[in-house]
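A short worksheet on the structure shown next.
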Amino acid sequence: MSRLLILLIAASVLGSDIPLSEFSSRRTIFREALQDRFAVIHGETEKGSHENRDGFFQSPDFYYLTGIRDPGGVLVLSKDQETLYLSKRDEKAERWHGPRLSLEDKVTDLTGIQDVRSLDLLEKDLRKLRKKNQADATKLLALQRMQKSPAEIAMIRKAIAATIAAHRAAWTSLKPGKFEYQIANVLTATYRDKGCQRNAYPPIIGSGPNATILHYFRNTRRIDAGELILMDAGAECDGYAADITRTVPVNGKFTDRQKQLYQAVLQAQRTVIAAARPGVTIKQLRQTATDALNAGEIKLGHLMIHGVSHHIGLNVHDAADNELPLQAGAVITVEPGVYLPDENIGIRIEDMVLITPDGATVLTSDLPVEIEEIERAMARQTP
């Protein structure tokens, strides 16, 4: 095998800053949790990933345990076994798609997995294993993935930095008469310029009445003067996602009514962030947000029609059990919002926070959130 081919394959497997030792440690922890059961974790296939539309992206659970970005692998784990199944090299297919990790490669060196077998043997081996109980790998991995390692947090910070740059670029390009999709294009182009592969989810660019639609993805409306625009968008960098929302005035200045509502949402967000800590549940944080929105002169709690937090990592809504208390190392969003269709106003403010042993740290604080800061940023003045 040529040195170029080896380097291309290695890049596809090791294309992140997470060391092989961490993937090995993840598998060990998961195997211990299996007890007397076994689990089968399938990698994504090219067909299943809609490669022709979006490019190939690996299954998060399979990537979490192996670090492999290439399609077609299967991982079988039990307390005393870890086996990776791969196809043999298909030179004809590689002429179309490029090199893929295959049985002939130095797979153990690239992945740290000692037992590597042909995919042709999978069904035969599974028949032997079925004497054991099969575990629900998705549920077990969700529990494991809730706490992020320092390496994962560093990857999330990379996605956040690209996302903040994208939001700032979108603000700069914003003006009445443009279309929502033009703002979405600025966001996506900035992510890619910063080294990220794709949107973590379709950008939500809701101007005026569209800001009151929670999952508004059409982005087709012409933006008008005097209204607010809600921008909910995040980058995915090397598999890890960011998720940030800001609501800003198209003209660069909030009206008095817009300020009143925005400040109420911002105060609710501050209250939730102050309450976020180990031992608290996401359900409790949601109630904290509702109470905060009802604490002011105008009662807005009934206008928040969604949850206030979710875990984030390899998925924008990351694998998690939201009934469990938060632990240090979790990364969650805090995103209160109010929606007034009769006034064509929707306001959501979303930041990402890291749960620490004694509270929470805002990871996205470099993007302005205060009214005066936003107005200065949109006026292209130095804060």
Of everything in the stretch 22-56, what is within 28 Å of A200 (Cβ to Cβ), open to solvent by 80 Å² or more (accessible area, probe 1.4 Å) and either of a type in the set (S, T, N, Q) or modelled with pLDDT under 95 (or both)? Give them in sequence order.
K47, H50, N52, R53
The lone exception for L141 - which of (1) modelled with pLDDT of 95 or more; (2) more than 30 Å from R192 (Cα to Cα) it fails:
(2)
I'd like to check something: does the stretch 104-121 contain any residue that is at pLDDT 95 or above, of a type in the set (D, E) and either touching a helix residue (DSSP H, G or I) at 6+ places or on another chain (Cβ under 6 Å) or surrounded by 15 or more Cβ atoms within 10 Å (Cβ to Cβ) (or both)?
no
Counted residues in the stretch 355-377 being under 16 Å from R270 (Cβ atoms), touching a residue at least 24 places away in the same chain (Cβ under 8 Å) and surrounded by fewer than 15 Cβ atoms within 10 Å (Cβ to Cβ) come to 1
Taking the stretch 233-245 as the search range and keeping residues that are surrounded by fewer than 24 Cβ atoms within 10 Å (Cβ to Cβ) and closer than 16 Å to T333 by Cα, which one is farthest from the chain's Cα centre (by Cα)?
T245
Of all residues in the stretch 307-337, which are of a type in the set (S, T, N, Q) and surrounded by 15 or more Cβ atoms within 10 Å (Cβ to Cβ)?
S309, N315, N322, T333
Please work out if L340 is surrounded by 14 or more Cβ atoms within 10 Å (Cβ to Cβ), of a type in the set (A, V, I, L, M, F, W, C), farther than 27 Å from K148 by Cα and out of contact with any helix residue (DSSP H, G or I) (no Cβ under 6 Å at 6 or more places or on another chain).
yes
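Here is a yes/no grid of residues against (1) part of a helix (DSSP H, G or I); (2) open to solvent by less than 10 Å² (accessible area, probe 1.4 Å); (3) not polar (S, T, N, Q):
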| site | (1), (2), (3) |
| --- | --- |
| R218 | no, no, yes |
| I229 | no, yes, yes |
| R277 | no, no, yes |
| T290 | yes, no, no |
| I298 | no, no, yes |
| H302 | yes, no, yes |
| I305 | no, no, yes |
For the stretch 246-275 the number of residues that are under 18 Å from N322 (Cα atoms) and either open to solvent by less than 10 Å² (accessible area, probe 1.4 Å) or of a type in the set (K, R) (or both) is 1
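Search the stretch 122-161 for residues being acidic (D, E) and in a helix (DSSP H, G or I), and hand back the single one that is surrounded by the most Cβ atoms within 10 Å (Cβ to Cβ). It would help to see each step written out before you state the result.
Of all residues in the stretch 122-161, those acidic (D, E) come to 123, 125, 136, 152.
Now drop any that are not in a helix (DSSP H, G or I), which leaves 123, 125, 152.
Working: E123: 8, D125: 14, E152: 22.
Across the stretch 122-161, the extreme among qualifying residues is E152.
The values are calculated or read from the model by the stated rules, or taken from the named source; none is laboratory data. Predicted model only: the values in this text are computed from it and were never measured. Note: ideal-geometry Cβ built from the backbone for every residue, glycine included; neighbour counts use all protein chains shown. Just the protein is used for accessible areas: all its heavy atoms, side chains included, with ligands, DNA and RNA removed. Shrake-Rupley method; radii C 1.70, N 1.55, O 1.52, S 1.80 Å.
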